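Colleague: Before we start, here is the structure in question, set down as C-alpha cells.
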Amino acid sequence: MYQVTSDAVRRVLAGVSTRLWLAGVVFVAGVVVAVSLGRLTAGALRRLGAPEAVEGTAFDRTTRRFDATAVGIVSRIVTYGSVVVAGFAALSVAGTRAATQFWTSVAEFLPSVFVALLILLVGLIVGDKVELVVAERLKGVKLPQTGVIPTTIKYSVFYVAVLVALSQVG
C-alpha cells in the first residue's frame with residue numbers, strides 16, 4: 001500500500017506555479033459570483049412580475065414541457081454565461097498566450113451575444129403577449145380577416161427582435 005507523505009505533497013504543490021493557484025482561485029470566485037448572479041436575476045425577475053407576464057404564452061407552454069420556467073431559463077443563461085467568463089478570466093490569469101488572445105476577442109464579442117439572447121427571449125415573450133392582447137381586442141369584430149392580424153403582429157415583433165439581436169452581434 002502506497003502511503004502519501006507530507007514531503008511528496010509538498011513536492012507536488014511546489015511544482016504548481018503561483019499563477020495556476022491564482023487562476024484556480026479566480027475561477028472558484030467566479031463560479032460563486034455566477035451562482036449569486038443567477039439567483040439575484042431570478043429574484044429580480046420574480047419581483048418584477050415576469051412569471052405573470054409570460055403566463056399563457058407559447059413560450060411559457062414550451063418551457064413547461066421541459067419542466068422549466070422563463071425565469072429559470074434566464075437565470076441559467078446568466079449563471080452559465082458568468083461561469084464561462086470566469087473560466088476565461090482564470091485562463092487569462094494563468095498567463096497562457098492563446099487564452100489571452102482568445103479572451104481579448106471573446107471579451108469584445110461575448111456581451112453582445114448575451115444581450116442578443118436576452119433580446120430574442122424578450123421578443124418571443126412580447127410577441128406572444130401582443131398576439132393574445134390583439135386577438136382579445138378583435139374578438140368582437142365579425143370579419144373573417146381579423147384572425148390573421150394577431151398572428152401577423154406576433155411574427156412582426158419576432159422579426160424586429162431578430163433584427164435587433166443580429167445588430168447586437170454585428
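Colleague: Around ARG39, with a cut-off of 12 angstrom between Cβ atoms, what is the net charge of the other residues, counting Lys and Arg +1 and Asp and Glu -1?
Modeller: Within the 12 Å Cβ shell, the charges total +2.
Colleague: For a quick check of understanding: with a 1.4 angstrom probe and all protein chains in place, what accessible area in square angstrom does VAL160 have, to the nearest ten?
Modeller: 80 Å²
Colleague: Shifting gears a bit: If I model a spin label as a point 7 Å beyond the Cα along the Cα-Cβ vector, how far apart are those points for ASP60 and LEU22 in nm?
Modeller: 5.0 nm
Colleague: Give, in nm to one decimal, the length gained when the segment between VAL122 and ALA29 is fully stretched (0.36 nm per residue of separation minus the Cα-Cα distance).
Modeller: 30.5 nm
Colleague: Okay, moving on. Bins of 5 Å, beginning at zero and ending with the bin holding the largest distance: percent of Cα pairs per bin for the chain, please.
Modeller: 1, 8, 11, 13, 14, 12, 10, 8, 6, 5, 4, 3, 2, 1, 1, 1, 0, 0
Colleague: Any idea of the accessible area per residue across segment 16-68, 1.4 Å probe, to the nearest Å²?
Modeller: 70 Å²
Colleague: If you don't mind, there's one more thing I want to ask. Compute, for ILE125, the solvent-accessible surface of its heavy atoms (probe 1.4 Å) with the complete set of protein chains present, and express it in square angstrom to the nearest 10.
Modeller: Number for this one is 30 Å².
Colleague: Figure the gain on full extension for VAL113 and LEU37 (residue separation times 0.36 nm, minus the Cα-Cα span) and round it to one decimal in nm.
Modeller: Residue separation times 0.36 nm, minus the Cα-Cα distance, leaves 25.6 nm.
Colleague: Please compute the net charge surrounding ARG137, taking Lys and Arg as +1 and Asp and Glu as -1 over other residues with Cβ under 15 Å from its Cβ.
Modeller: Neighbour charge sum, excluding ARG137 itself: +2.
Colleague: Given R₀ = 45 Å, FRET efficiency for LEU132-GLN101 by Cβ-Cβ distance, to 0.05?
Modeller: The value I calculate is 0.40.
Colleague: Using a simple charge model, +1 on the beta-carbon of Lys and Arg, -1 on the beta-carbon of Asp and Glu, nothing else, what dipole does the chain show about its Cα centre, in debye to the nearest 20?
Modeller: In debye, rounded to 20, the chain gives about 120.
Colleague: A further question follows. Tell me what the chain gives for mean residue ellipticity at 222 nm when only DSSP H runs of n ≥ 4 count, each as -39,500 (n - 2.57), the sum divided by the residue total, rounded to 500 deg cm²/dmol.
Modeller: -28500 deg cm²/dmol
The values are calculated or read from the model by the stated rules, or taken from the named source; none is laboratory data. This structure is a prediction, so every number in the text was calculated from the model and none was measured. Positions of Cβ are generated from backbone atoms using ideal geometry, with glycine treated the same way; all protein chains shown enter the neighbour counts. Ligands, DNA and RNA are stripped out before the accessible areas are found, and what is left, the full protein with its side chains, is counted by its heavy atoms. Shrake-Rupley method; radii C 1.70, N 1.55, O 1.52, S 1.80 Å.
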